[in-house]
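No lab work stands behind these numbers, since they all come straight from the coordinates. Everything quoted here is computed from the prediction, not taken from an experiment. Here the Cβ is made from the backbone with ideal geometry for all residues, glycine too, and neighbour counts use every protein chain on show.
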Amino acid sequence: MRKWGILGGLLVALPCWVSAMNADELIAKNIEARGGLDAIRAIHSLERGGRLQAGGFEADVAEFKRPGKVRSEFSIQGMTQVRAYDGQDAWTISPFGGRKDPQKLSADDIKDLGIEADLEGPLVDYAKKGHKVEYLGTEDIDGTAAHKLRVTYANGNEAVYYFDPDYFLEIRIVSKSWYRGSAFEGETDLGDYERVNGVYLPFSVASGAKGSAQKSTVTYDRTEANGDLADSLFAFPQGAKP
Amino acid sequence: MNRRNLFLHRAVGPVVLAAALGAASHDTFAVDSATFSGLGVRNIGSAAMSGRISAIAAYNDDGKTVLYVGAASGGVWKSLDGGTTFAPKFDDQPVQSIGAIAVDPSNPKNVWVGTGESWTRNSVSVGNGVYRSTDGGETWTHLGLPESERIAKIIVHPKDGNTAWVCAPGKLWSDSDERGLFKTTDAGQTWTKVLAGANRSTGCSDLELDPQNPDGVLAAMWDFRRQGWTFRSGGASETAFSGSGLFRSQDGGKTWTEYTPAANKGFPAKPYGRIGIAIAPSDPKIVYAVVEGTRSALFRSNDGGATWEERDRSQMMVWRPFYFSNLIVDPTNPDRVFKTNLGLIASEDGGKSFSGSGGGAHGDWHDLWIDPANPKHLVGGDDGGLWTSFNGGSLWHKNENLPVSQFYHVAVDDQDPYEVYGGLQDNTSWIAPSSYPGGITNAQWEPFAGGDGFWMFPDPIAPRDYVYFESQGGSIVRANRHTLQQRDIQPKAGYKEKLRFNWNAPIHLSSTERGTLYIGSQFLHRSRDQGQTWERISPDLTTNDPAKQQQEKSGGITVDNSAAEMHTTIYSISASPQDGNVIWVGTDDGNVQLTRDGGKTWTNTVRNIRGLPKASWVSWVEASRFDAATAYATFDRHTFGDLDPHVYVTRDYGRSWTRIADPAQGVRGYAHVIKEDVVDRDLLFLGTEFGLWISIDGGAHWAAFKGGKFPAVAVRDLAIQPRDHDLVIATHGRGIWIIDDITPLRHLDATALDAELSLLPNRPQQQRLQGYGGWSRGDAVFVGANAPGSAVITYHQKTRHLFGKLKLEIVDSAGKVIDTLPASKRRGINRVEWAMTVKPPRTPQGATLAGAATYGPRVLPGRYTVRLTKNGQVYEAPLEIGLDPRATYTLDERKAQFDAAMRVHGLFERMADLSDRIVGLREAAKTKAATLPDGDKTKAKLAILVERIEGLRRQIVATKEGGAITGEERLREHMDALYAAIVNWEGRPGPYHLARADALEKELAEVEADFARLIEREAKPLGLDPQARAVASGRGSPRAAMHALRYHWHTPDLISTMREKKPH
């Protein structure tokens, strides 16, 4: 795990003259704030581990990413639930009720996983990826006048990103995903940013239903960039029946 | 200013220690919404009664009905599923009263909202113009007409989404120019008034476009005015001049022609009141108009309006036109027409005859949508909420998912959990618990038969058995909560006398004389025997102005004297908690009366309020609980067209008054209520038409409370539950909200606000009893949120925490860190909950989860420490946790339970350890066997050993996989059942629980012994490592937040597994 430093020496509080902000400027500032495009692209894999907490609930979580691939793990009582996508297949193992075999996930799940698997983040080269962005001004997010950016992903799902007005890092993402034609809205708060290989990552990620005060928070305690992550982590397990 | 800082924690070197810092100054408070909003708030509803729906728009999309519902004073709600679920879409906007909604026919993502309801009852709210969303209601742009106050209808051009017409009745309470029919051709950037009224009280009440020719516009103009004491629809009388009329344009609004009996045969003669119109979508030549006039009736034209014929004029066609003038024609059948009224009525013969269509719905209908794809599918709104019919409109489902209830008042009792009491617009009076296991469902709300509901209190003499509540006009009853009998105890008039009770007549309970009850007419009445007798303790305290007592003439063309306009009445009463002889009375016509001798003599102090216009409606008087000479008063002048707050305080029995809230302080909206905190005299809460405002410095500074997306809804009353320190908020449009525990506000002072981080005290924390409630109710119901069942930690941060870890730890009395919690990062007050549980036990891995063992028992009550670490700085504060006072067990019994739970917890750990060793040895044996050639004797022995080891494992855990209900129970499963039994009841466990623990421990010991023997006799001789160990266990607790998991995992199967496994 990398040590972090406040402001990291790189980020400087910017004055609030950015009234004529547009979407591209905002995204450029965000990429710069994260550590710059070169640093972001120098990360080709990411492995993170931590704890998920919500009320008295607790579980171990792990996350593995390579460009276009993602695997998330969630462990209770020594049993691990897996949710993964290798760019083609999305699948899960949900062992808590006695089944340990992998199951294929739906095309709707793939939409969400496809965004999760975007290692550099969907805002980098958003246009090439087919996403559309729209700057929506500022909105008060728990006392912070955050810049607001709507992203309509190429797959049809949507998200509104909120950026800290001084440091241009994401502080909230409100997502809208479609499952069998019905919208499913979530809200994720991001914080405790630390630098990993020159890139700021949130070490606290709190998620819940949009507008709900009840959130589950993942606190990461280990992050490793550029380790070797085998294809088999992400691929539908060989020999298993889909 | 004598706020005392009792609990502030200040940095002293690297560790921050609790210190009493003494008095702190109030002088410079930089507070804003963010300062307070992190307190959070919860809405307990209810959608049981729901509230008035003023406008509906809908369309079908991919087989689903998309609904937009406008509440009279509760914003815009959207459903993507035909009404199964709704989400509020207007909460960020500065007004909540909705008059009209229109979906752009050429692009349904474009939605137009006209704010300000046009059903102009006495309690109606106000709007501030037109809004448009281009993303289906997610974001809104204000498009202007800010002074229109109310909008009756918006129509968007069928092919050009930039062109729209806005029909604005305009201001209800005052003359204005921004009223009439407006048109935009540039999506609202500019507006042209295309049709103006004949005078400054005439605006537009209804609008229709010819569906085949959008340049054909039909507009109804309405002359109307409400004052505190009267209302007119049309002119001042049946025959007086009225600006109302019906107009037609054939050129998109450039030129207009008025309908007259001379030019349009069969059209009625002037003067008119309110007119409602409808063009049949399937045959635009057929036009309906319901015209309020000297002979109010429905009229129909079969030739596009050239000639007319009178049709129905039944009571439900012509009753209360200001409230009900809305006609809806079936889009597929020009002869099927509905008319909103007290009951919904329907005709299938072109308006010749009507019959009741409202079924079992509440009544007082305002809008209706007919599904063009299936005209038997109807969605309607009335004073009781939203209703859906699937049989053409004779039977109705109630939508129990719209908490847009319109409370006038609220009270609380001292039960635990306390109950909330209150009355609502046209929805009688209700009681609900402030928390209930499983959530506060609609069924938890208990109604009492009545009309409109207002003040409601438990009888202090018999608080569990009797309540006082009232219907409009002071119809107070004392009701038995069990038998539901009601006794009318309203004071009666004397010989040739009229008692003037306000629509919302004040009831007040003395806080110095238990059971003493006050009610106001023009006199103040007092009862000391639960309404058996009344004494008048004042003369007429109002102006008794005869000009304001002509209610029998109210209504304009159609008389409407429902008690809603009753005036020159007492409106607010407050007896001093310091001195029961000091009683303040405010009247609707502007008097602030004071007695200091229990009613013998009275002084009108309003003349001492400098700058306050005469006759201002006294919406609230509040005697200070700290000082008999101090009182607060709010004045509501919106009935004169002044929407500003006017709030004053006196500290010398009314001899002088100081204004403490005005627009210059950022406070918006006419004021309804001010309340002093029960502990901190400088902590004030102010409810206005546009929200809740908080001051921590006696009114010098105010900030709007926006926690939990609390909208800019009218706050009509506030109550503080003194035991729990909760602020209970009665909104007129969004139900009851509760800010749990306002203690931290009492400790916010300049020092706390200036510090980078300050831990703030809360009320004493309890381990609340663990009740199990709730059931599957489907997705189509509202459920109110409960008070937190966890310990709450509160702190204030000067700025948002963005970089690095904000670490929040719980430390026990021995100095050991027993939990680490995710900290909240926001600027201002933050709150974090701690479930107070021990970590769940490590559990052997089995075929399925061991449900109960996924959570730990609650720690013992006692003294803990909160430790926050931010940027290397450490802040600490004590956290005292007590038993729930309702607990039927002692602390010693609780300790016995905890010890028993931890004993089983320990057995799980032992079992997990054994499992790790068993699996470790098994794997070691397998590994070794794999290195040996087939036929090797040792290999064969190892294979046998693996089986024997596995046999031991099968004694510990159920191992059959596959997901079926195997019914397989082994030691782990038995232990889990015992653990559940002990953990879920925090009193002393039974001897049989402890005996069962003994038995299971013995069984576990036997397996341990068998394993030890196996190691000695079989494993060691084969050269296996006796210390071999694998990870075949783990801990984890999925108890509290299954819903949250979905957002990470989308795995309902896990959730259902947990639900089944969790013991109840």
Find out how many positive minus negative residues lie around B:Ala479, taking Lys and Arg as positive, Asp and Glu as negative, among other residues whose Cβ is under 12 Å from that of B:Ala479.
-2
Contact order relative to length of chain A, as percent, for alpha carbon pairs under 8 angstrom and 6 or more apart
23 percent
Considering every residue in A:58-67, what mean count of other chain Cβ atoms within 10 Å of its Cβ is obtained?
3
In percent, what relative contact order does region B:29-94 have, based on Cα pairs under 8 Å that are 6 or more apart in sequence?
19 percent
Total formal charge among the other residues, if their Cβ is under 12 angstrom from that of B:Glu923, Lys/Arg +1 and Asp/Glu -1
+3
Arranged from highest to lowest average of other beta-carbon atoms within 10 Å per residue, in what order do the peptides B:707-715, B:922-930 appear?
B:707-715, B:922-930
Among B:Thr340, B:Thr543, what is the fewest-to-most ranking by other Cβ atoms within 10 Å?
B:Thr543, B:Thr340
Using a 10 Å cut-off on Cβ to Cβ distances, tally the other chain neighbours for every residue of A:209-221 and report the average as a whole number.
5
In nanometres, what is the gap between the two model label sites at A:Glu224 and B:Ala263, each 7 Å from Cα along Cα-to-Cβ?
8.6 nm
What are the residues whose amide H is under 5 Å from the amide H of B:Tyr466, where those residues sit 5 or more places off or on another chain and H is modelled from the backbone?
B:Asp459, B:Arg481
Residue-ordered couplings for region B:211-225, obtained by feeding phi - 60° into the Karplus form 6.51 cos²θ - 1.76 cosθ + 1.60 and rounding to whole Hz (Gly and Pro as x), are x, 9, 8, x, 7, x, 10, 10, 9, 9, 9, 9, 9, 8, 6
Averaged over its residues, how many other protein chain Cβ atoms are within 10 Å of peptide B:818-826's Cβ atoms?
6
Just want the ordering: B:Met566, B:Met316, B:Met836, from fewest to most Cβ atoms lying within 10 Å of their own Cβ.
B:Met316, B:Met836, B:Met566
What angle do you read, to the nearest 10 degrees and between 0 and 90, between the alpha-carbon axis of helix A:23-34 and the longest principal axis of chain A?
70 degrees
At B:Gln212 and B:Asn333, where each label point lies 7 Å from the Cα along Cα→Cβ, what is the point-to-point distance in nanometres?
2.2 nm
With a 10 Å Cβ neighbour count serving as the proxy for reagent exposure, in which order, fewest first, do B:Val318, B:Val832 appear?
B:Val832, B:Val318
For chain B, what does the helix formula give at 222 nm: sum of -39500 (n - 2.57) over DSSP H segments with n ≥ 4, over the residue count, nearest 500 deg cm²/dmol?
-4000 deg cm²/dmol
FRET efficiency, B:Ala30 to B:Thr533 (Cβ-Cβ, R0 45 Å, nearest 0.05):
0.25
Which entries of B:Lys78/B:Lys159; A:Lys100/A:Lys129; B:Lys265/B:Lys285 have Cα-Cα distances beyond 27 Å here?
A:Lys100/A:Lys129
Using the Cβ atoms and a cut-off under 14 Å, what net charge is assigned to the surroundings of B:Lys159, where Lys and Arg are +1 and Asp and Glu are -1?
-4
Projected onto the charge dipole of region B:331-438 (+1 at Lys/Arg Cβ, -1 at Asp/Glu Cβ, origin at the Cα centre), which of B:Ile370, B:Pro417, B:Gly359 gives the Cα projection farthest towards the positive end?
B:Ile370
For the pair A:Asn22 and B:Glu947, how long in nm is the line joining their label points, each one 7 Å along Cα→Cβ?
7.7 nm
Residue-by-residue Karplus 3J(HN,Hα) for region B:1013-1025, coefficients 6.51, -1.76, 1.60, Hz, glycine and proline x:
4, 4, 4, 5, 8, 10, 6, 4, x, 8, x, 7, 6
Members of B:Lys548/B:Lys600; B:Lys928/B:Lys1020; B:Lys109/B:Lys398; A:Lys176/B:Lys153 lying beyond 22 Å, as alpha-carbon distances in this model show:
B:Lys548/B:Lys600; B:Lys109/B:Lys398; A:Lys176/B:Lys153
